[in-house]
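> Sending over a structure as structure tokens; questions will come in a sec.
The values are calculated or read from the model by the stated rules, or taken from the named source; none is laboratory data. This is a predicted model, so every value here is computed, not measured. Virtual Cβ from ideal backbone geometry, glycine too; neighbours counted across all protein chains shown. Side chains are part of the model used for accessible areas, which takes the heavy atoms of the whole protein and leaves out ligands, DNA and RNA. Shrake-Rupley method; radii C 1.70, N 1.55, O 1.52, S 1.80 Å.
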Amino acid sequence: MNENKGKQLHSGEVVTSAASEELWNEDTYSAWVARFGTPEEAAAKLKKDPSARIQPLIAHFGDIQGKRMMNIMGSNGYKAVALGLLGADVTVADFSEGNARYAAELSEAAGVNLHYIVSDVLKLPLDELSGAFDLVFAEQGIVHYFTDLKPFMDTAAALLSPGGRFVLRDFHPVSTKLISSKGSTAKIRKHKVTGDYFDESLEEKKVSYSKYSPGEEGGEKQTGVVYWRKWTLGEIVTAVAASGLIIEKLVEEPNLSSDVFDKGIPKTFVLSAVKPLG
């Protein structure tokens, strides 16, 4: 990894020096402890109702009992462990050692056999993994990390066995590219069309290595830079189709956390596609 110091990869990986990478991984692990509790505490919560942790995705998965599933850029393994508790055989691919450490301890505490591959998703060993999964999924804040959607969609398609399903849930481009919202309550919420839906430029983003970590007052946070490409819904659908997958469903979702907040605006979407048998 160090030979790529200072470079930005398509997957959105922030490449740093060895020292910064170590800080990233330690801060990432600490961040999940701060957000979800220790792996043991998080596992106890998951075991009470694992299906609740993967809503609304589970409705798009179908029967997952015994299914081989891959969670692309699956972060700390929270969703993967929930699926494991429900009987799936789950693998996570993510570049962060800190995420992998939390996921390993979480799965052990939950009694789930979780496979975790620490890798840039575009550098997965496809000679070993091609056709290995019945279902591949990615969710929430994934596609904007790719400056070219084709390699990502091609990878998802390659991982699937014939007849396998790809499910992508992400933020709706209308909300991320077009509309800006102001106001802290539903009553005074104001929306304006301030963006350019067809803007193809890259956005430079500074990412804190301790995004969820409790920061020390006056301390400095380690940061890196990533470049986002906010895709239109048409571009995303076209990229999936171009990978050879057959799109079966595209569901546009409102704000599922509120019946009135941002009412009438699409906030997320779910795309479901299958790999042809022949």
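> Hey, any idea what % of segment 50-166's accessible area is carbon plus sulfur with a 1.4 Å probe?
47
> How much accessible surface does Tyr197 have with a 1.4 Å probe, in Å² rounded to 10?
Approximately 40 Å² of Tyr197 is accessible to the 1.4 Å probe.
> Pull out the extension gain between Phe198 and Ser180, defined as 0.36 nm times the separation in residues minus the alpha carbon to alpha carbon distance; nm, one decimal.
Values: separation 18, 0.36 × 18 = 6.48 nm, distance 1.55 nm.
Result for the pair: 4.9 nm of gain on full extension.
> Sticking with this structure for a sec: If each residue of separation counts as 0.36 nm, what is the full-extension length gain between Asp127 and Lys249 once their alpha-carbon separation is subtracted?
Separation in residues times 0.36 nm, less the Cα-Cα distance, equals 41.0 nm.
> Moving on to the next point. So how strong a dipole does segment 38-161 carry about its Cα centre when Lys and Arg Cβ are +1 and Asp and Glu Cβ are -1, to the nearest 20 debye? Kindly include the intermediate steps, with their values, before the conclusion.
Working: 10 positive and 16 negative charges, 65 e Å.
That gives a dipole near 320 debye.
> Sticking with this structure for a sec: Nearest 20 debye, what's the magnitude of the dipole of segment 106-167 about its Cα centre given +1 on Lys and Arg Cβ and -1 on Asp and Glu Cβ?
Value, rounded to 20: 120 debye.
> Per residue of segment 231-236, what does 6.51 cos²θ - 1.76 cosθ + 1.60 with θ = phi - 60° give for ³J(HN,Hα)? Whole Hz please, x for Gly and Pro, Karplus curve as stated.
My calculation for segment 231-236 gives 8, 7, 5, x, 5, 5 Hz in order.
> Per residue, how much accessible area does segment 222-278 show when a 1.4 Å probe rolls over the protein heavy atoms, in square angstrom? Before the final figure, lay out the partial values.
Numbers: 2900 Å² over 57 residues.
Spelled out: the 1.4 Å probe surface of segment 222-278, per residue, equals 51 Å².
> Under a 1.4 Å probe, what is the accessible area of segment 56-131 per residue, stated in Å²?
38
> Out of residues 5 or more away from Leu124 or on other chains, whose amide H comes under 5 Å of its own, with H placed 1.01 Å from N in the peptide plane?
none
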